[in-house]
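Trainee: Submitted below is the structure of interest, expressed as structure tokens.
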Amino acid sequence: MNINSLINHIEGSWLIQTTIYDLSTCKLKNKKQQVLCQQVNKNSKQLKVFKNRIGKSHTQLQLYSLKYGLNTASKETYLLFFFEKSLDQGSITKYTYDNKIISDYVFFIRNNNHIHIKSAHRNFHTTEDIYFINSKFKIAKSTISKNNKCITVCFSSKIKMN
């Protein structure tokens with residue numbers, strides 16, 4: 001899988017079914033949501049701000065930005081992908097419409113249908129493995145650890161609606 005096919009696999013309107021199991025409280029939570037992911041114009045204000053931040057020293061990086069929304073403007077966030085082709089890895093910055101950074105992730109393309117994502121914030125670590133079954137179906141397994149102890153496990157299935 002290359003970055004272009006990854007972006008193509010992420011774009012679209014998705015129906016997501018998620019099950020979250022909190023290991024510390026032994027509680028189960030299910031949720032369903034519809035999410036729209038679409039590529040942002042390369043000349044957008046948001047992308048220009050991030051291009052200026054990274055400067056010319058990172059010209060080998062490929063940049064892609066996706067608008068990620070729950071079908072309401074107030075809930076929109078953006079995902080900015082920085083990808084270094086020679087390493088089959090990159091980073092993802094999640095940010096708001098006014099360019100405030102929410103979180104950062106590192107991703108690794110494992111093979112043609114699997115990417116691995118991880119992030120850390122203080123003593124919390126998150127890992128996510130996404131498996132692209134085909135162009136309209138993907139599944140994900142996520143874990144959240146605190147102080148190196150797993151506290152949450154999450155499973156998601158995502159069906160592309162368009």
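None of the figures in this text is laboratory data; all of them are computed from the coordinates on show. All figures in this text were calculated on a predicted structure; none of them were measured in a lab. Every residue, glycine as well, gets a Cβ built from its backbone with ideal geometry; the counts of neighbours run over all protein chains shown.
Trainee: Between I20 and H121, what FRET efficiency follows from the Cβ-Cβ distance if R0 is 25 Å, with the result rounded to 0.05?
Mentor: Efficiency at R0 = 25 Å is approximately 0.90.
Trainee: Per residue of the chain, what 222 nm ellipticity follows from adding -39500 (n - 2.57) for every DSSP H run with n ≥ 4, rounded to the nearest 500?
Mentor: -3000 deg cm²/dmol
Trainee: Follow-up question, since we're still on this one. Please give every one of the aspartates and glutamates within straight-line cross-link reach of K136, meaning a C-alpha to C-alpha distance under 20 Å, and leave out same-chain neighbours fewer than 8 residues apart.
Mentor: Reachable aspartates and glutamates: E11, E128.
Trainee: Please report the antiparallel percentage of DSSP beta bridges with both residues in the stretch 3-160, rounded to the nearest 5.
Mentor: Rounded to the nearest five, the antiparallel share is 100 percent.
Trainee: Evaluate E = 1/(1 + (r/R0)^6) for N134 and T96, where r is the Cβ-Cβ distance and R0 equals 35 Å; express this FRET efficiency to the nearest 0.05.
Mentor: E between N134 and T96, to the nearest 0.05, is 0.65.
Trainee: For the chain, what is the convex hull volume of the alpha-carbon atoms per residue, in Å³?
Mentor: Value for the chain: 128 Å³ per residue.
Trainee: What ratio of Cα Rg to 2.2 N^0.38 Å holds for the stretch 67-162?
Mentor: 1.16
Trainee: Can you compute the FRET efficiency between N112 and L63 using 1/(1 + (r/R0)^6), with r the Cβ-Cβ distance and R0 = 30 Å? Round to the nearest 0.05.
Mentor: 0.85
Trainee: With a 10 Å radius around each residue's Cβ, average the other Cβ atoms per peptide and rank 83-89, 105-111, highest first.
Mentor: Answer by packing, highest mean first, reads 105-111, 83-89.
Trainee: Let me ask something additional. Pairing the Cα long axis of helix 45-54 with the longest principal axis of the chain, what angle in degrees results, from 0 to 90 and rounded to the nearest 10?
Mentor: 80 degrees
Trainee: Sticking with this one: If you put +1 on each Lys and Arg Cβ and -1 on each Asp and Glu Cβ, how big is the dipole of the stretch 3-160 around its Cα centre, in Debye rounded to 20?
Mentor: Roughly 260 debye, rounded to the nearest 20.
Trainee: Could you please rank S142, S44, placing first whichever residue has the fewest other Cβ atoms within 10 Å of its Cβ?
Mentor: So the ranking, lowest neighbour count to highest, is S44, S142.
Trainee: While we're on this one: Under the 0.36 nm per residue contour assumption, what length would be gained going from the current alpha-carbon distance of N2 and K85 to full extension?
Mentor: Using 0.36 nm per residue and subtracting the Cα-Cα distance, I get 29.1 nm.
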